[in-house]
Amino acid sequence: MMLKVGLTGGISSGKSVVGEMFVALGAHLVQADRIAHSLMQPGEAVYNEVVRHFGREILNSDGSVNRTKLAEVAFGESSGNGKRESRIEELNRIVHPAVIRSQEEWMQAISHQDPHGVAIVEAALILEAKLADRFARLVVVTCTPEQRISRFAHRQKMELEAARREVLRRMAAQLSDEEKIKAASYVIDNSGTLERTREQVREVWQHLSEEAKEQGLGTRG
């Protein structure tokens, strides 16, 4: 029986880097963010709902969703008149059910393809959306707040102070690292070198792959 694993962590903690390391070792991986991106393509039901709720000002000239504009509206934009109310829960109510359905279909397909494998879903809000019980194991990636900010600034090509405001704003919609760690089966500290992260991933992978094999033997028995 395939082992279902959730991979989560706060913004810019390095979930995707860790996910790629697991794939290199033999895991199957799907990213919730990529599923959400595909569901928000013009013509998709989720796209239509998001535009209906958040308005056409979140769109690019070609009709595609401008994710930066959507994030500004959803997370609550700081303006001269004070902070606009966060609408992230409203966005999650539209997007999450479709993303979860897609994840479940993917896991079902992988379980037929590789019944004794390890299937990892990488998603930022596994705990916030109360989805942890869908997984046999939960891996949480952490790093320092300053690293989050510098990584986010680099990725988004933003000034450090603008990145700091954005990261803090998004972190407010997520559980703290401390709360995530409490729920974790395994924690990967991504605040050191890439090699140190890779070592931790290899160690966790050994446990996960052994557990998947044991489950497979139990199923055959």
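The values are calculated or read from the model by the stated rules, or taken from the named source; none is laboratory data. Note that the structure is a prediction, hence the values are computed from the model and not measured. With ideal geometry, Cβ positions are generated from the backbone for all residues, glycine too; neighbour counts draw on all protein chains shown.
Quick notes on this structure:
- Residue count, the stretch 22-46 (criterion: hydrophobic (A, V, I, L, M, F, W, C) and closer than 19 Å to Val5 by Cβ): 9
- Criterion: out of contact with any helix residue (DSSP H, G or I) (no Cβ under 6 Å at 6 or more places or on another chain), modelled with pLDDT under 95 and loosely packed, with under 13 Cβ neighbours inside 10 Å - qualifying residue of Ser111, Ser79: Ser79
- Residue check: Leu138 meets all listed conditions (1) in contact with a Gly (Cβ under 8 Å, 6 or more places away or on another chain); (2) at pLDDT below 90; (3) hydrophobic (A, V, I, L, M, F, W, C) but one, namely (2).
- Residue that is farthest from Ala172 (Cα to Cα), among those in the stretch 1-27 that are in a helix (DSSP H, G or I) and among the charged types (D, E, K, R): Glu20
- Checked against (1) in a helix (DSSP H, G or I); (2) within 20 Å of Leu125 (Cα to Cα); (3) in contact with a strand residue (DSSP E or B) (Cβ under 8 Å, 6 or more places away or on another chain), Val204 passes all but a single condition, namely (2).
- From the list Ala153, Ala162, Ala173, Ala212, the one residue that fits, being touching a His at 6+ places or on another chain (Cβ under 7 Å) and either surrounded by 16 or more Cβ atoms within 10 Å (Cβ to Cβ) or not β-branched (Val, Ile, Thr) (or both), is Ala212.
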